[in-house]
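Here's the structure, in structure tokens; my notes come after.
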Amino acid sequence: MVVEHKCDKLPKGAYVFKAQVSSSSKIAWLLHLIREATEEDLEENHYLNEVGEDIWTVSAEISFCPYCGCNLYNGQLIEANGDFVLYDSSGCKMRKC
């Protein structure tokens, strides 16, 4: 089950939610950033098809919301180990970096 952190300060393309970490079976809070294609991106990259298509996505384990400072673990002193993953969709196929 995914639990989303609702924050008025989150910019477009930024999401904070609690979910299973892809590299393990543990549940953690993640910052998920998505870069979407613009018209300019379509002109520069023939692998992109439409405006709004994901160019890259990064997902990082966090303990606090970087936009409002909220402790996502309800005051518990749980340290995220900082694992992150980058998915690059700018080429002919998506790759995990």
Residue that is farthest from the chain's Cα centre (by Cα), among those in the stretch 9-19 that are assigned to a loop (DSSP other than H, G, I, E, B) and on the phi < 0 side of the Ramachandran plot: K9
Look through Y47, Y87 and report the one residue that is among the hydroxyl-bearing types (S, T, Y) and under 17 Å from A19 (Cβ atoms). Y87
In the stretch 31-62, anything in contact (Cβ under 8 Å) with a residue 40 or more places away in the chain and in contact with a helix residue (DSSP H, G or I) (Cβ under 8 Å, 6 or more places away or on another chain) is listed as L48
Can you pull out every residue in the stretch 7-46 that is β-branched (V, I, T) and surrounded by 16 or more Cβ atoms within 10 Å (Cβ to Cβ)? V16, V21, I34
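Read the figures in this text as sums done on the coordinates, not as results from a lab. The model shown is predicted, which means the values in this text are computed figures rather than measured ones. Ideal geometry is used to build each Cβ from the backbone, glycine not excepted, and the neighbour counts take in all protein chains shown.
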